[in-house]
Each structure stands twice: as C-alpha cells, then as structure tokens.
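**Student:** Here it is, the structure, as structure tokens.
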Protein chains: 2
Amino acid sequence: MSKVRFNISMSLDGFVAGPGQSVKDPIGVGGMRLHEWAFPLAAWRSPHGLSGGEVNDSSSVVEESLANIGATVMGRHMFGGHPGPWDAERPWNGWWGTNPPFHHPVFVVTHYAREPLVLDGGTTFTFVTGGIESAFLRARDAAGGKDVSLAGGANVSQQYLAAGLVDEMEIHLVPVLLGRGERLFDHVGDELHGLKLVRTVVTPEVVHLKFVR
Amino acid sequence: MSKVRFNISMSLDGFVAGPGQSVKDPIGVGGMRLHEWAFPLAAWRSPHGLSGGEVNDSSSVVEESLANIGATVMGRHMFGGHPGPWDAERPWNGWWGTNPPFHHPVFVVTHYAREPLVLDGGTTFTFVTGGIESAFLRARDAAGGKDVSLAGGANVSQQYLAAGLVDEMEIHLVPVLLGRGERLFDHVGDELHGLKLVRTVVTPEVVHLKFVR
C-alpha cells in the first residue's frame, strides 16, 4: 500500500521558510539556515549529482527519506518561479536545472494549467489543477506501488496535513529561530490525525522527529 | 555565578498555552495536554506534596530542573487571577494553595503593586512593577548564589528571551498540536543569543531539548 511520506526542515519556532520568498531567495530570508545540516552529507550530495561528503547520524535519516519513493507531490511555491500564470516567453522549469534530483514523476499543485515538463534523469513535472486530492491520486498511480513523497512547501503541506492524508512525517527540527516566515502548522488545526512520534535521531545541528500513524 | 534557567512545555506547533486562559482554564483550552507527560512522575509529584509516581527517562530531567534553584521569576499571567488591578476584597494568592511547590522566594512581574505574600513552606511572592530586569536582579539577590528559575508564562518568557537574559533553556517538546493559543517564540526575534542545543532526552510522550550558552 502506497504511503504519503512527508519530510521537512522546521525551525524551533515553527517556520519552514523565511519571509520574502522569491526567485532570488527561494526559501525566504534566512531560510537556508534550515537546510545547512543536510548540505555536507554524502547522502544529500549524491542525489544532487555531487560526489563526496560527510557521514553522520543524519545520513541514515536522509537515506531512509529517499528510499522507496515512486513519485513526488509539491506545491507551486516549491516548484518556484513568479506567482500567477506561467510566463510562456520565459518558462520557469524549476530550481533544479536540466537533471533534477527526483528521478521520478513529480506532480505540482497549481491553479494554472500547463503541459507536462520532461527533464533529464527520469524527472517529469506534471501540473495538476484539481487540488491536493487529485494530485495525490495521480502520484499514487504513478508511483507504481512505491510511496509518494510530499515535498512542500508550507501551503500544500498544510492542506495535506489538515486533510489527514500524511502517513509518515519526518520533521528535521533545527535549533534556531527564524522569527518570521511561513509556519508549517498554520491552518492545520489541533490534531495530527493519528501521527505519533516513533523515532528520534539527534545531532548537534538537527533533531529528526519521525511520526507514523 | 547565578544563572537564569528556563524550562517550559511546548507543543510541536510552538504553543505553551491554549486559547482562552482564565481562572477556570489556567493553561487555556487544551493546554493541559502539554503537561500530561509530567504528572505521573514521582519527580513531579514529590515537590507538590504527593507520594508515589513513576520513574522514567524524564525523571532526571525534572530533577535537574528543580536542583540548585534559589528563586523564581514569573509573570502575572502565570501567577494567575483576573487581569487588571488586584482585587482587595477577594485577594488572589496563586494557583498553588497554602503551601506552594516553590519553597523559595518568587518574584512576580506585574503592572500592579501589591504587598508581599508569605505562604507556608518557604514560598514568598514578591510583586515587582519595575519590569523583567528589576525582577531578575531581585531574584538573583534572593537566590543566595543559587540559580534563578524563569517559570513563564509566555509573555514574560518572551521578554527574557528577547533580552538575552536566559542562560539555560529546557524545552519539553510535546508531539501534539494545539492549533491556537500563546506561542513561546512570538516577539522574540530570530536569534537565541548564544543558546545552543546540548542535550536531548526522548520518551514517547516528550522530547526534552536542553540549550545552554
């Protein structure tokens, strides 16, 4: 049975992106601080086509989050580009260059229809205008029995969490404050729909909290 | 050197109290969910005059938080009672009965002057109208070389954190959502003033995150 697995870096004060997200600042001002724990890891570098890197207690968490994923769902904000209708003259093709690190079908939840975008290395972006449940069903079909990764950003993640559609959630809690930005749990309500804390991995840079239902 | 040590229970979505705090609901609606991990512990029951209780991995964290404390600072909200000027006819003497669990001098940050309140078991409440720094200095003097405990609530804790006056912070992160209420890190800004994560203790009910600077 295909699960929806969600993993995201969050500051101690609950933010998953800083303020002022833009093409120049994809994770908002200061948002990169949430991801510094991951960049040195070989487990992060490898799927991004980079060699070398460190191994520490976070490595197995990253490897686990990437294993057995057959498709990804993300929001338009996460896919990026200027908000509003797609710009036909200067098409935005994502942050990840010609060979994105997904290597499987990716479904982008958006208000604006667009033809699928086929890139190198097995990554295809399909733009879904029917909302989060439609995107989930298409991703599950495309995953071929493997799991579906929910990749963010905040808005779409909130919708999936509030709808109880998340089967596993890994929060990479980073012990810093952002002070402002996008909160993961805004508009989610007061319940986790059966998600329970089942495993914690700690390094000086990050506390990995795994929830399963 | 006397340190300011702060410990508080916080939900995964960053709340330290639910909405609608009142004499009837001291921690707000749903706020008691943040403290359920502590109530069964012998280490919590003992200073509250209760015998028995459990021992688990949280026990040493609670014992550590209570050790070597010579005085406590808290806000008017934490001390409780109806907001505004003190009611002379029906004086509010705190939530804790005639023998509160502090057993040392407690300084309450308030806008409203009031004579000190001497209760049983060594607890004296002194009402400080000069703000958080004044309360800190008085508590430090009263602590006689021991540490000062910052007991909350949210508003006064935010002021101490923003001023960089907290030397140790233990966050009891409870893996639930409250959805609404008082956030610990509102109005604190984007830095922890040198507080770094140094120790984590995990049980199924709570993740204890200790920060020291």
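**Student:** In region B:128-141, is there at least one residue being within 14 Å of another protein chain (Cβ to nearest Cβ) and modelled with pLDDT of 95 or more?
**Tutor:** In the first step, residues of region B:128-141 are kept if they are within 14 Å of another protein chain (Cβ to nearest Cβ); the result is none.
There is no residue in region B:128-141 that is within 14 Å of another protein chain (Cβ to nearest Cβ) and modelled with pLDDT of 95 or more.
**Student:** Follow-up question, since we're still on this one. Looking at region A:183-208, which of the residues that are touching a residue at least 40 places away in the same chain (Cβ under 8 Å) and in a strand (DSSP E or B) is farthest from B:HIS172 (Cα to Cα)? Outline the logic, then answer.
**Tutor:** If we filter region A:183-208 for residues that are touching a residue at least 40 places away in the same chain (Cβ under 8 Å), which is where we start, we get A:183-185, A:201-203, A:205-206, A:208.
Those still in the list that are in a strand (DSSP E or B) too: A:183, A:201-202, A:208.
On the way: A:ARG183: 20, A:VAL201: 16, A:VAL202: 15, A:HIS208: 15 Å.
Only one residue fits best here, namely A:ARG183.
**Student:** If you don't mind, there's one more thing I want to ask. Answer yes if at least one residue in region A:155-172 is of a type in the set (D, E, K, R), closer than 18 Å to A:ILE8 by Cβ and assigned to a loop (DSSP other than H, G, I, E, B), and no otherwise.
**Tutor:** yes
**Student:** Which of (1) closer than 17 Å to B:ILE69 by Cα; (2) open to solvent by 20 Å² or more (accessible area, probe 1.4 Å); (3) of a type outside the set (Gly, Ala, Ser) does B:ARG114 not meet, given it meets every other one?
**Tutor:** (1)
**Student:** Let me ask you something else. Failed condition for B:GLY81, given (1) farther than 23 Å from B:LEU119 by Cα; (2) small (Gly, Ala, Ser); (3) surrounded by 15 or more Cβ atoms within 10 Å (Cβ to Cβ); (4) modelled with pLDDT under 95, with all others met?
**Tutor:** (1)
**Student:** Next up: Among what's in region A:204-213 and is over 14 Å from A:ARG5 (Cα atoms) and either modelled with pLDDT under 95 or open to solvent by less than 10 Å² (accessible area, probe 1.4 Å) (or both), pick the residue that is farthest from the other protein chains (Cβ to nearest Cβ). Reasoning before the result, please.
**Tutor:** Taking region A:204-213 first, the residues over 14 Å from A:ARG5 (Cα atoms) are A:204-208.
Subset that is either modelled with pLDDT under 95 or open to solvent by less than 10 Å² (accessible area, probe 1.4 Å) (or both): A:204, A:206-208.
Working: A:PRO204: 7, A:VAL206: 9, A:VAL207: 6, A:HIS208: 11 Å.
Filtering first and then ranking leaves A:HIS208.
**Student:** Considering (1) open to solvent by less than 50 Å² (accessible area, probe 1.4 Å); (2) closer than 30 Å to A:ILE8 by Cβ, say which one B:GLU36 fails and leave the rest.
**Tutor:** Against the list (1) open to solvent by less than 50 Å² (accessible area, probe 1.4 Å); (2) closer than 30 Å to A:ILE8 by Cβ, B:GLU36 comes up short only on (1).
**Student:** Return yes or no: is A:ALA88 under 18 Å from the mean Cα position of the chain (by Cα) and aliphatic (A, V, I, L, M)? Outline the logic, then answer.
**Tutor:** Numbers: under 18 Å from the mean Cα position of the chain (by Cα): no; aliphatic (A, V, I, L, M): yes.
Answer is no for this residue.
**Student:** What residue, among those in region A:142-159 that are at pLDDT 95 or above and within 14 Å of chain B (Cβ to nearest Cβ), is surrounded by the most Cβ atoms within 10 Å (Cβ to Cβ)?
**Tutor:** Of everything passing the filter in region A:142-159, A:SER157 is surrounded by the most Cβ atoms within 10 Å (Cβ to Cβ).
**Student:** Among the residues of region B:3-33 satisfying the criterion of being of a type in the set (D, E, K, R) and part of a loop (DSSP other than H, G, I, E, B), which is surrounded by the fewest Cβ atoms within 10 Å (Cβ to Cβ)? Break it down stepwise before answering.
**Tutor:** Pass one, region B:3-33, residues of a type in the set (D, E, K, R): B:3, B:5, B:13, B:24-25, B:33.
When the remaining residues are screened for being part of a loop (DSSP other than H, G, I, E, B), the result is B:3, B:13, B:24-25.
Values: B:LYS3: 18, B:ASP13: 22, B:LYS24: 7, B:ASP25: 15.
Taking the candidates together, the pick is B:LYS24.
**Student:** Among residues belonging to region B:162-179 that are of a type outside the set (A, V, I, L, M, F, W, C) and buried (at least 17 other Cβ atoms within 10 Å of the Cβ), point out the one that is farthest from the other protein chains (Cβ to nearest Cβ).
**Tutor:** Taking region B:162-179 and keeping what is of a type outside the set (A, V, I, L, M, F, W, C), we get B:164, B:167-168, B:170, B:172, B:175, B:179.
Applying the additional criterion that residues be buried (at least 17 other Cβ atoms within 10 Å of the Cβ) yields B:167-168, B:170, B:172, B:175, B:179.
Working: B:ASP167: 16, B:GLU168: 14, B:GLU170: 13, B:HIS172: 13, B:PRO175: 4, B:GLY179: 3 Å.
Ranking the candidates gives B:ASP167 first.
**Student:** Can you tell me which condition B:VAL23 does not meet? The list is (1) in contact (Cβ under 8 Å) with a residue 40 or more places away in the chain; (2) within 14 Å of chain A (Cβ to nearest Cβ); (3) farther than 24 Å from B:ILE132 by Cβ, and all the others hold.
**Tutor:** For B:VAL23, the failing item is (2).
**Student:** Determine the pairs where a residue that is among the aliphatic types (A, V, I, L, M), located within region A:133-155, has a partner that is part of a helix (DSSP H, G or I) and buried (at least 19 other Cβ atoms within 10 Å of the Cβ) with Cβ atoms under 8 Å apart, the partner being 6 or more residues away or on another chain.
**Tutor:** Note: pairs meeting the criteria are A:VAL148/A:PHE136; A:VAL148/A:ALA139; A:VAL148/A:ARG140; A:LEU150/A:VAL156; A:LEU150/A:SER157; A:LEU150/A:TYR160; A:ALA151/A:MET78; A:ALA154/A:HIS77.
**Student:** I've got another one for you. Can you tell me which residue is farthest from A:LEU34 (Cα to Cα) among those in region A:118-142 that are of a type in the set (A, V, I, L, M, F, W, C) and touching a Pro at 6+ places or on another chain (Cβ under 8 Å)? Break it down stepwise before answering.
**Tutor:** Just the residues of region A:118-142 that are of a type in the set (A, V, I, L, M, F, W, C), to begin with: A:118-119, A:125, A:127-128, A:132, A:135-137, A:139, A:142.
Now restrict to residues that are touching a Pro at 6+ places or on another chain (Cβ under 8 Å): A:119, A:125, A:127, A:139, A:142.
Working: A:LEU119: 28, A:PHE125: 25, A:PHE127: 27, A:ALA139: 27, A:ALA142: 30 Å.
Once the filter is applied, the top-ranked residue is A:ALA142.
**Student:** Mind listing whichever residues of region A:180-194 are closer than 26 Å to A:GLU36 by Cβ, in contact with a Leu (Cβ under 9 Å, 6 or more places away or on another chain) and either more than 7 Å from every other protein chain (Cβ to nearest Cβ) or open to solvent by 40 Å² or more (accessible area, probe 1.4 Å) (or both)?
**Tutor:** Across region A:180-194, the qualifying residue is only A:LEU184.
The values are calculated or read from the model by the stated rules, or taken from the named source; none is laboratory data. Computed from a predicted model, the values in this text were never measured in an experiment. Note that each Cβ is placed from the backbone with ideal geometry, even for glycine, and that neighbours are counted across all protein chains shown. Keep in mind that these areas ignore ligands, DNA and RNA; they rest on the heavy atoms of the full protein, side chains included. Shrake-Rupley method; radii C 1.70, N 1.55, O 1.52, S 1.80 Å.
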